[in-house]
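Data first, discussion second: the structure below is written as structure tokens.
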Amino acid sequence: HASSRPARTVQKFHGYPSRAVWLAVVVIGMMDEEAMRQRAATTIYCAVAAWFLTKEKRKRAANVHRSRVNFNTFISNLLTDLQFVKRFRLNIKLFNEILEKLRPELEPNETMAIVSSGSSISAAWRLAITLRMLAGGTLVDTADMAHVSEYSIWPIVRQVVPLIIKHYSYVVSFDPMNEAQLSQLSREFARSSDGIIRGCVGAVDGIAICIRKPLKRECGGKPWHFYNRKGFYALNVQAMCDKKKKFLFYSIKCPGSTDDSTAWDMSSLGMKTESREMLEPYWIAGDAAYRAGLFMVTPWPGRGLDTWKDSFNYCHSNCRISIDCAFGILHARWGIFWKPLNCSIHIATQIISACMILHNICVEENVSIETMPGDRCDLLQSTPLLETGGSLWADEPSTQGRRSDTSKCPRRDELTKALQNAGKTRPGYSN
């Protein structure tokens, strides 16, 4: 009887929804009349038996066995050098160099691959899939190109991107205490002013990289911190580049609502310059959004400036324009930024880092920017990038920027005086 052995009854129906069975047993036990309890127990037994007889066992979908195309065959038969750059943004030489460095950590598990899909995804295809996604490829066209499942694409990207950062992080480097590096950078920037404006070692700015709305568990329950004044969710990325438009430093610490000056102050390089951990007389060029100081030189504020202040702003702009061009090239080359990054904040920061590293490699090797006919360089509202580490949302982010005209800048005074002594005015200047 169900009423006399409720525990044993539940055990007999192991696999059936246990809560429903237990509730039914309790109800039977509460009935007063023995006949009623027997009828109820019989009804339950019949219902459970019918459920087991009609229940269809769920079958796992059969694995799809795919025939992989050899990557070298794919290149030689289908792609010219230009077509390769259009799809992967790197030339074949650079692709092979990166592949050889990453190959030991990208080789697949052959046994598991054969069991699941009949063949493995080679290291070359894994790198190609990642580059195609970074270049702006969709899941469908990337999966069709590599003959893989669409569900395999993002796991491959999450595997390869950290390896690019691990092995090539050295291509983005800046040491504020390295006299040789600072001197070389200063000479490159000084050429634009005929050697009069000296000491500039980098141009800094920020860019807002568009992301999907962060989940509450990713951002301490405050996704609105990432919603910026331009009307989209973003990460504030601070970056500095040289005259050749190569990134020297980047920081991805702040949500999109943070102003550039605050984001820079929170970066490791910003904190070093604030504590005077940088050699003099070198300095960094920033726009009016930044707070002027000993190592941060901003333009003279206001309109109707005198001849020499106006000429300084012209020379300063020639230095600062490098970072705007660098962001433009980064955005045009890596199409993944043409729409919101549909991934976690952690993965988004890794993607940004990898793209900036690959940008430097392409600039160094003089790889042109080529796009596919269907690619779309729909420039989103651009504003600069970020550095890993630190808490992004522990405190309420500041949304109030600082004005350069409220800060004294002795170095700006010295440089303006140097222009005046040299009689150097901006081209086409007239009183």
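Some points to look at:
- Of the listed requirements (1) buried (at least 22 other Cβ atoms within 10 Å of the Cβ); (2) touching a Ser or Thr at 6+ places or on another chain (Cβ under 9 Å); (3) not aromatic (Phe, Trp, Tyr), Pro255 misses just one: (2).
- Test result for Asp205, surrounded by fewer than 17 Cβ atoms within 10 Å (Cβ to Cβ) and charged (D, E, K, R): no
- Against the list (1) over 30 Å from Glu100 (Cβ atoms); (2) open to solvent by less than 10 Å² (accessible area, probe 1.4 Å); (3) outside any helix (DSSP H, G or I), the condition Leu182 fails is (3).
- Scanning the range 128-141 for residues being open to solvent by less than 10 Å² (accessible area, probe 1.4 Å), more than 14 Å from the chain's Cα centre (by Cα) and at pLDDT 95 or above gives a total of 2.
- Only one entry in Gly220, Gly206 is out of contact with any strand residue (DSSP E or B) (no Cβ under 8 Å at 6 or more places or on another chain) and touching a residue at least 60 places away in the same chain (Cβ under 8 Å), namely Gly220.
- Subset of the range 245-258 [modelled with pLDDT of 95 or more and charged (D, E, K, R)]: Lys245, Lys246
- Checklist (1) over 21 Å from Arg198 (Cβ atoms); (2) out of contact with any Cys (no Cβ under 7 Å at 6 or more places or on another chain); (3) aliphatic (A, V, I, L, M); (4) open to solvent by less than 10 Å² (accessible area, probe 1.4 Å) applied to Met240, failing item: (1)
- In the set Val148, Val201, Val237, only one residue is in contact (Cβ under 8 Å) with a residue 60 or more places away in the chain, under 25 Å from the mean Cα position of the chain (by Cα) and within 26 Å of Arg276 (Cβ to Cβ); that residue is Val237.
- Checking each residue in the range 185-198 for being free of Cβ contacts under 8 Å to residues at least 60 places away in the same chain and either surrounded by fewer than 14 Cβ atoms within 10 Å (Cβ to Cβ) or more than 15 Å from Arg320 (Cβ to Cβ) (or both) picks out Arg187, Arg191, Gly195.
The values are calculated or read from the model by the stated rules, or taken from the named source; none is laboratory data. Predicted model, so just to flag it, every value in this text is computed and none were measured. Cβ sites come from the backbone with ideal geometry, for glycine too, and all protein chains shown count toward neighbours. The area values use the complete protein model at the heavy-atom level, side chains included, leaving out ligands, DNA and RNA. Shrake-Rupley method; radii C 1.70, N 1.55, O 1.52, S 1.80 Å.
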